[in-house]
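Only one structure is covered here, and it is reproduced in the block below.
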Amino acid sequence: MTKPKYPLVSIVTPSYNQAPFLEATIRSVINQDYPSIEYIVVDGESTDGSQQIIKSYADKLSWWVSEPDAGQADAINKGFIKTRGEIIAWLNSDDMYLPGTISEVVETFQANPQVGMVYGNAVSADGEGRLLNELCFEPWGVKDFLQFKMICQPAVFMKRSTVEKIGFLDSSYHFFLDHQLWIRIARETKLIHQPRIWAVSRYHPLAKNVTMASQCGDEVYRILEWADTQPDLKLIIEKDYRRIWAGAYQIIARYLLDGGLPRKAFGVYLQAVWKWPASVKSFWHRLIFSGLSTLGLGFLGKWYYSLKRSRRPQSLRKEDLIDWQGIQLN
């Protein structure tokens, strides 16, 4: 049986009270140049006008619903169950795809039929659309994910067959639901990193990793506890124990710092250094910033970050930053 030239790609957007960003998210999907997209929006009964935005695009959607759910993972799983695509992904209601992303994703899968997941690079932007950082990754696997080397979720696409084999998202996770899934996928299949910018990841004060940063650490510990019950993952942890725990402490400290808890972050960063001293090269600037903030000199760190953010990522062309429906990233 000949495979279709344009395999169906299914995208799910979980939505809850993100009206300021939702329309740009929807447009970034429906205006892709790929001809075979199934798009589903699962709203958690928003009260901020999101439902009206979704209704205005209902004719472009394959299915949508607005009803209470048990959290982000539950909403995504609900959407996945409704999809039919050979390739699946989710795009949160404050993130965006860049033009041409899905076409490039399909080309990558077709050129590498043995691969079950592909991921690209991304850029981060604030709530007003100002670009902050370019998020570049490397070809990583299970060991890297256990070290909490993070990839950018909106730039990840998966084969449906792979996800069905391992199971959908674990709905008991609320912060690292994606990362736990990447570990499970990487155990089962080959991954490919495509060094192309595929997505814009929003970072704003209402994002849950900011408002609930102090709770993120619990899920990092839970992932390692879960991994310790899996014989193959347990073996990897035993062989690379110190580096893996350094990675865990580093990501916990990062979320504490981003959540406005520099004193706690500084202490956890020091734990990461103690576990694996070489790891400091990847977070030295955050270590210094958290230390300065603890001493009341955080303004120096804020100056450094403001200078860094004033430098727009150079790999994006100006035309890549403009939504062809009139929404523009500043």
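Here the condition is being farther than 21 Å from L8 by Cβ and part of a loop (DSSP other than H, G, I, E, B); of D170, D178, it holds for D170 alone.
Looking only at the stretch 224-233, filter to residues that are in contact with a helix residue (DSSP H, G or I) (Cβ under 7 Å, 6 or more places away or on another chain) and assigned to a helix (DSSP H, G or I); which one of those is farthest from G267 (Cα to Cα)? By that ranking, first place goes to D232.
Tell me, yes or no, whether the stretch 62-76 has at least one residue that is within 23 Å of P20 (Cβ to Cβ), more than 18 Å from the chain's Cα centre (by Cα) and of a type in the set (A, V, I, L, M, F, W, C). Yes: the stretch 62-76 contains one or more residues that are within 23 Å of P20 (Cβ to Cβ), more than 18 Å from the chain's Cα centre (by Cα) and of a type in the set (A, V, I, L, M, F, W, C).
When the residues of the stretch 49-59 are narrowed to those that are surrounded by 14 or more Cβ atoms within 10 Å (Cβ to Cβ) and more than 23 Å from the chain's Cα centre (by Cα), which ends up nearest to I11 (Cα to Cα)? Once the filter is applied, the top-ranked residue is Y57. Restricting to the stretch 217-251, name every residue that is closer than 23 Å to E188 by Cβ and exposed (fewer than 14 other Cβ atoms within 10 Å of the Cβ). Within the stretch 217-251, E225, D228, T229, P231, D232, K234, L235, E238, K239 meet the criteria. Under 18 Å from P154 (Cα atoms), among the aliphatic types (A, V, I, L, M) and modelled with pLDDT of 95 or more - does that describe any residue in the stretch 74-86? Within the stretch 74-86, one or more residues are under 18 Å from P154 (Cα atoms), among the aliphatic types (A, V, I, L, M) and modelled with pLDDT of 95 or more.
For every residue, the table says whether it meets (1) outside the structural domain of L169 (by TED's automatic domain parsing); (2) out of contact with any strand residue (DSSP E or B) (no Cβ under 7 Å at 6 or more places or on another chain); (3) closer than 17 Å to R160 by Cα; (4) of a type in the set (S, T, N, Q).
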| residue | (1), (2), (3), (4) |
| --- | --- |
| A89 | no, no, yes, no |
| I102 | no, no, yes, no |
| V106 | no, no, yes, no |
| Q114 | no, no, yes, yes |
| M117 | no, no, yes, no |
| A122 | no, no, no, no |
| L132 | no, no, no, no |
| K143 | no, yes, no, no |
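I'd like the full set of residues that are part of a helix (DSSP H, G or I) and more than 18 Å from K78 (Cβ to Cβ), limited to the stretch 30-60. If the condition is that a residue be part of a helix (DSSP H, G or I) and more than 18 Å from K78 (Cβ to Cβ), then I30, Q52, I53, K55, S56, D59, K60 are the ones that fit. Just one of (1) at negative phi; (2) at pLDDT 95 or above fails for G167. It is (1). State all residues of the stretch 100-114 that are surrounded by 16 or more Cβ atoms within 10 Å (Cβ to Cβ) and more than 17 Å from the chain's Cα centre (by Cα); if no residue qualifies, say none. Within the stretch 100-114, E104, V106, T108, F109 meet the criteria.
Take V65 and decide whether it is crowded, with 19+ Cβ neighbours inside 10 Å and among the β-branched types (V, I, T).
No: the conditions fail for V65.
The values are calculated or read from the model by the stated rules, or taken from the named source; none is laboratory data. These numbers come from a predicted model, not from an experiment. Here the Cβ is made from the backbone with ideal geometry for all residues, glycine too, and neighbour counts use every protein chain on show.
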